[in-house]
Amino acid sequence: MQSIQVGNKLIGPGQPVFVIAEAGVNHNGDLKMARALIDVAVEAGADAVKFQTFRADRLVTTDAPKAEYQLQSTNDAESQFEMLRGLELSGDAHRELQSLCNARGIIFLSTPFDEEAVDLLDELGVPVRISKKPNEVPHAIAFDEDDAPRAYDAEYAQRFWRALVQADRVFKIFRGRFRGKCSPVHLFWGAADLAVSRFSGRRAPEHPGGIPNMPDRLVREAYSDECSSCGFWAGGERYPQPMFFSYAYPEPPGFKDALPRYEAAHGEYVLPYDEVRNASSPDDVLIEFLQSTYDAAARLGRWPGE
């Protein structure tokens, strides 16, 4: 793992854990409360405290409704725009908080949400480096340079969302059957695949990397532990149809021959989405695919307890 430096702290092998106190917007737009959050972070022994830098008018429209979780703890009479506007910190407030952090010996950090926020943090000596290219796609174009026309079909966007909702539901059932360490069901924005992983508890050999437009060091960290992963992908150039998939890393000997449906070109088992959708019991077909491929990975990989 490569070491990095944040302020006067080194993060990497052999170094102490770097603790960031997430202040976020918990100051409620009150500078006095923001200062108190810094004091609490210092007392707790954190190395850094992190806020958020944004302007409401660059985040949401003036009539944007609140999300369900926001309604549970805020005034339902105000819009999301009005709520966010009340959580803004001005440039002067940022400077005052940074000065307090310097005086208290804690690193000031903040998450920017737009170019104006990046410029402000850069002015404060809090440089922000953002990779502008998407990950996991072969022909990556920087987001601010990608002006090619893109078709949008609301009906198919809705269909994709509905497929994700159903896949998420079944994946959570499958996830709940495992007693060991397991990832949440989450969406990877690079290839837009919904996935969940089970872990054996053992370290994995170093991954060779080579995933398009993704730093090898990130890939190696992601696959640092032995795992069996499955998911749903809408398809792309290398497989132009939606499908469910399952693979193991490292792939144990005999895994590819253990069951039907192994796609050597992709290094994983594949179950076409249409086959599941048209089945008399889609849940059962998908669960059987997920469970059988996991069982093969765990048995052939001699996972502990399997």
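The numbers here are math on the coordinates, done by the rules we state, and not lab data. Worth saying up front: this structure is predicted, and the values here are computed from it rather than measured. Cβ sites come from the backbone with ideal geometry, for glycine too, and all protein chains shown count toward neighbours.
Remarks
- Cβ charges +1 (Lys, Arg) and -1 (Asp, Glu), total dipole of region 4-130, debye: 500
- Over the Cα atoms of region 4-130, the radius of gyration divided by the Kirkwood radius equals 1.00; this is the Rg/Rh ratio.
- Each listed q (0.15, 0.16 Å⁻¹) maps to a log10 I(q)/I(0) for region 76-233, found by the Debye formula over equal Cα scatterers with no solvent: -1.17, -1.18.
- Available extension along the chain between Q158 and D122 is 9.0 nm, counting 0.36 nm per residue and deducting the alpha carbon span.
- A value for Rg and Dmax of the Cα atoms in Å was derived from the coordinates, and within the list [x] 23.3, 67; [y] 19.4, 61; [z] 21.3, 68 it appears as [x].
- Amide H contacts of A21 (H built 1.01 Å from N, in plane; Pro and chain starts excluded): D47, A48, V49, K50 sit under 5 Å, all sequence-distant by 5 or more or on other chains.
- Highest mobility in the GNM of the chain, judged by mean-square fluctuation with C-alpha springs under 10 Å and restricted to D193, D283, D257, is found for D257.
- Computed from the Kirkwood radius of its Cα pairs, the Stokes-Einstein diffusion coefficient for region 154-300 at 10 °C and 1.306 mPa s stands at 100 µm²/s.
- Amide H contacts under 5 Å for T53, placed H, 5+ residues apart: T111, F113
- Three principal axis lengths of region 78-147 [C-alpha, angstrom, descending]: 47, 36, 18
- Shape descriptor for region 200-249: Rg over Rh equals 1.03 (Cα atoms; Rh from the Kirkwood inverse mean 1/r).
- Dipole check for region 154-300: with +1 at the C-beta of Lys and Arg, -1 at the C-beta of Asp and Glu, and the Cα centre as origin, the magnitude is about 500 Debye.
- A simple charge model with +1 on the Cβ of Lys and Arg, -1 on the Cβ of Asp and Glu and nothing else charged puts the dipole of the chain at about 1180 debye relative to its Cα centre.
- Measuring between their Cα centroids, region 244-289 and region 200-233 lie 19 Å from each other.
- Its relative contact order, with pairs defined as Cα atoms under 8 Å and 6+ residues apart, puts region 118-188 at 13 percent.
- Where labels lie 7 Å past Cα in the beta-carbon direction, separation of L59 and S99 in nm: 2.6
- Computed [θ] at 222 nm, deg cm²/dmol, the chain (DSSP H ≥ 4; -39,500 (n - 2.57); rounded to nearest 500): -10000 deg cm²/dmol
- Residue among A151, A142, A48 with the largest mean-square fluctuation in a Gaussian network model of the chain, springs linking Cα atoms under 10 Å: A151
- The chain: most fluctuating residue of P272, P13, P282 per GNM, C-alpha cutoff 10 Å: P13
- Cβ-Cβ FRET estimate between S224 and E251, R0 fixed at 22 Å, reported to 0.05: 0.85
- As a size descriptor, the averaged projected area of the C-alpha convex hull of region 1-67 was calculated at 6.9 nm².
- Extension gain, D146 to Q70: 0.36 nm times the residue separation minus the Cα-Cα distance gives 24.1 nm.
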